[in-house]
Amino acid sequence: HNMTRGVATKLGIDYTGCRAVRPDVIYCNTYAYGLADPLGRFGGLDPLYQASAGLEYEGGATREGNTPLYLRFGMCDASNALLSIVGVLLALVHRQRTGEGQELWTSLHDGGVIFSSDVWLDSTGEPWDHPRLDVDLCGTSALYRLYRTQDDAWICVAAERHEHWRALARVLGAEALADDERFATYDARRRHRTTLEAELAPRFLTRTARAWTRLLDDARVPNELPVDTVDGRSTLHDDDNVRLGLVADYEHPLLGAMRQFGNLITFSDTRGSITRPPPLVGQHSREILREAGYRNGDIDAMLAGGVVYELDDKYRERFRN
C-alpha cells in the first residue's frame, strides 16, 4: 500500500498487525521519500519526485538555459511500482528458502532515482562527463537524436555504432563526413557534436520522414518515426501493434466499445489474453471474497459495515454524469 507513515498503524493493518495474523506475511509499503525523518512524514504526488530525483532538471536540459521539464507520464509512479514488484518477488524467494516473511518498503523518490542511475562520482569526487540533452531537447549526440524532415515531421536516429554512422553518411550522400577526422571516432564526434549536427540537419530536410525511414531501414541504420499519441488512432490502429497483440478490444459496462493497449508481456507457453475490461470500483468485490472462502452472509455483513464496497447504480449514475 502507499499510506503515509503511521496511517496503517492507526488502522491496525501495519506489518506488526498483519504478522500477528500470518507470521510469514510479506508486507510492502510505498512511501514518498522513505521512513527517515524529517521527510518520512510527508506524502506527495509524482511530479514532486521527478523534481527531487533530478529528472525535471535533466529532462529540460536546464544547463543549456532551458526551464526544467515536467514529464506527464507518471515516471516515478510507474518505476516505484516496478521496484515494489521486484522487492516482493525477492521477499518471496527468501520466504521459499527460509519460511520467513518480512516487511519491505520503497519510495516514489527511489523510483525517480532509477532514472538517475548513470550519475556517479569518480575517485576525485567529480562527476563523469555523461551525454546530455541539447538545448532543443532533440538528443544527446549528433547520431543519437531527432531530426526534422522535409514534410515538417521528424525522424529519430540511433546510429551510435561506427558501421551505422558510415551507413548513415552513405544514405545522406555525405560519405566524406565519415572519413573526416573530426567525425572518424566516437570521441571525435562527441567533441565536434554541434558541427556534425549542423552538417546533418539540412540533409534530413531534403526528404520526407517516411522516405528516410525506408532508406535507413534498407541500410540497417536504427531509426524510428515519432508517433502522435494524443488521439490514440496512430498507435491503437497501427498494424504492427495489432499483429504484436498489443491492442485489446472489449465492451466496457459504462463506456461501451473500447480499444486500448492490452497484453504487454508475451510468454512462450502461457499466452495471455484480455478477457475483461478494467474493473469499476467494487465491481468484483463479492466475486473475490467468494473465491477467498467467505460466505454470502459474511460478505453481506462486510458490505453493510462499510468494510468493503460493491458497485451500485448510484456509482454508475455519478460516472455517467
Could you pull out the residue among T67, T4, T9, T16 that is polar (S, T, N, Q), surrounded by fewer than 15 Cβ atoms within 10 Å (Cβ to Cβ), in a loop (DSSP other than H, G, I, E, B) and free of Cβ contacts under 8 Å to residues at least 24 places away in the same chain?
T67
L146 passes all but one of (1) in contact with a Gly (Cβ under 9 Å, 6 or more places away or on another chain); (2) not assigned by TED's automatic domain parsing to the domain that holds R203; which number fails?
(2)
Is it the case that the range 63-74 has a residue that's of a type in the set (V, I, T) and within 20 Å of Y33 (Cβ to Cβ)?
no
Go over the candidates V113, V119, V88 one by one and state the one that is more than 22 Å from D228 (Cα to Cα), aliphatic (A, V, I, L, M) and in a loop (DSSP other than H, G, I, E, B).
V119
Return yes when G43 is in the same structural domain as L104 (by TED's automatic domain parsing), closer than 18 Å to N80 by Cα and surrounded by fewer than 15 Cβ atoms within 10 Å (Cβ to Cβ) and no when it is not.
yes
Where the second residue is small (G, A, S) and outside any helix (DSSP H, G or I) and the first is closer than 13 Å to L215 by Cα and lies in the range 152-181, which pairs have Cβ atoms under 7 Å and are six or more apart or on separate chains?
A167/A219; L168/A159; R170/A219; V171/A219
So S273 passes all but one of these: (1) in contact (Cβ under 8 Å) with a residue 24 or more places away in the chain; (2) out of contact with any Pro (no Cβ under 9 Å at 6 or more places or on another chain); (3) among the polar types (S, T, N, Q). Which condition number does it fail?
(1)
Just one of (1) closer than 15 Å to G112 by Cα; (2) in a helix (DSSP H, G or I); (3) polar (S, T, N, Q) trips up T30, so point out which.
(2)
Is it the case that R207 is in contact (Cβ under 8 Å) with a residue 40 or more places away in the chain, surrounded by 15 or more Cβ atoms within 10 Å (Cβ to Cβ) and part of a loop (DSSP other than H, G, I, E, B)?
yes
What is the number of the single condition among (1) part of a loop (DSSP other than H, G, I, E, B); (2) under 29 Å from N2 (Cα atoms) that G40 does not meet?
(1)
Taking the options D217, D228, name whichever one is in a loop (DSSP other than H, G, I, E, B) and closer than 30 Å to R170 by Cα.
D228
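The values are calculated or read from the model by the stated rules, or taken from the named source; none is laboratory data. What you are looking at is a predicted structure, and each value in this text was computed from that prediction instead of being measured. Because the Cβ atoms are built from the backbone with ideal geometry, glycine has one as well, and the counts that use them run over all protein chains shown.
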